[in-house]
Amino acid sequence: MSSTAVQDTVPTEVCDATRAANKIALIAHVTPDADCFGAIGAMYLALPELGKYPFASLPEGTVARRLAFLVELAGVRPASRQELAACDLAIVMDTAKDRRVNVDGKLEALPNAKIVNIDHHATNTRFGTWNWIEGDASSTAELVYLLIKSLGCQITPTIATLIYAGMHSDTQGFSLSNTTTRSLQIAGELAQAGADIIDTCEKLNRSRSRSEFELLKVIYTNTQVSDDGRLAWSTADCDEIAAAGCHANDIDDQVEVVRSIEGVKLAILFTEANQGKIRMNFRGERGVSALALAKEFGGGGHYASAGAILPGSIEEITDRVIPAAREFVKKLPA
Ligand SMILES: [Mn+2]
């Protein structure tokens, strides 16, 4: 666990831009996770207190069943194209590159909006008018907590629950290396503010649908481990994902199955939710940079948790990536 290395202050420009705007679009990344929904939901509920109109971009079909409760909890109504086009500010959260925004028509669909870019991905390309990037923050939800407080808005029990969900999820229940004293301290403040931790964690961790469970069985079955035990990977192709009853937005944290094996330094999950497009999730354990390997294949993300997408079949892509991954773990110190 690292101590508080990140700054506690929200950039003044971010607060000023938020206060100056009237209609604010709330945007996160494609295949949104709990951090995205926590951040969007919390801002959606906080902004009206400042007299601002929030408009959330959630194109149809982008909410995973498992996470729909967060959207419902915040009462988020997805904005129309027209509403988004009329926004004068876009707060883009948790999104490392502008082409990853979860907006129909991407940022061109908001021609009048200046952009506040809030993120904790080390590889963020700083595409905003204003950029607030803290690579050491546990989650974007953590940054949103600081922003809402800086704006002088209340942390209501619902806002606290949404932020907690984002932080809990991105830290795997405060168990990963991005867990800091600041994140634990904020978690305590969220509990104090009335976050419904038990219900949220049950929904996030102990409410898998049968189809997601079927998909996990596939991933367990397909898991392979290198002879030295340092590399583990698994796959799920198009047919296997469909047979389990899953869709692209159900692929989330299943790489944790692969990562859970003792001694594994690097875990990779290859999934083909969309035919011919292989998504890779890389996870590094104990100081191993998953990002370094993901970058070799055009990917990005965080130091220990990264991703990439390549065109091809599972077989073609594993044939390319696994030899590189074997070399990569071989070079790691004993
Ligand atoms: Mn995040």
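The values are calculated or read from the model by the stated rules, or taken from the named source; none is laboratory data. The shown structure was predicted, so the numbers you read here are calculated from the model rather than taken from an experiment. With ideal geometry, Cβ positions are generated from the backbone for all residues, glycine too; neighbour counts draw on all protein chains shown.
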- Any chance HIS120 is surrounded by 24 or more Cβ atoms within 10 Å (Cβ to Cβ), modelled with pLDDT of 95 or more, more than 21 Å from ARG100 (Cβ to Cβ) and assigned by TED's automatic domain parsing to the domain that holds VAL92: no
- Please work out if THR223 is assigned by TED's automatic domain parsing to the domain that holds ALA64 and touching a Ser or Thr at 6+ places or on another chain (Cβ under 7 Å). no
- Task: Any chance you could count how many residues in the range 146-170 are within 16 Å of the ligand (Cβ to nearest atom) and more than 16 Å from the chain's Cα centre (by Cα)?
- Result: 2
- With (1) touching a residue at least 40 places away in the same chain (Cβ under 8 Å); (2) loosely packed, with under 15 Cβ neighbours inside 10 Å as the list, and ASN112 as the residue in question, which single condition is left unmet? (1)
- Task: Check the range 93-110 and report whether any residue there is within 16 Å of the ligand (Cβ to nearest atom), touching a Gly at 6+ places or on another chain (Cβ under 7 Å) and closer than 18 Å to ILE163 by Cβ.
- Result: no
- Leading residue by the ranking (nearest to the ligand (Cβ to nearest atom)) among those in the range 24-53 that are crowded, with 21+ Cβ neighbours inside 10 Å and more than 16 Å from SER139 (Cα to Cα): LEU26
- For GLN82, all conditions in the list (1) without any contact (Cβ under 8 Å) to a residue 12 or more places away in the chain; (2) surrounded by 14 or more Cβ atoms within 10 Å (Cβ to Cβ) hold save one; what is the number of the exception? (2)
- Message: Step by step: first the residues of the range 159-198, then only those that are over 23 Å from ILE148 (Cα atoms) and free of Cβ contacts under 8 Å to residues at least 24 places away in the same chain, then the one that is surrounded by the most Cβ atoms within 10 Å (Cβ to Cβ). Which residue is that?
- Response: SER175
- Members of the range 86-109 found to be small (Gly, Ala, Ser) and surrounded by 16 or more Cβ atoms within 10 Å (Cβ to Cβ), listed by number: ALA86, ALA90, ALA96, ALA109
- All positions within the range 254-272 that are of a type in the set (Asp, Glu) and surrounded by fewer than 18 Cβ atoms within 10 Å (Cβ to Cβ): GLU256, GLU262
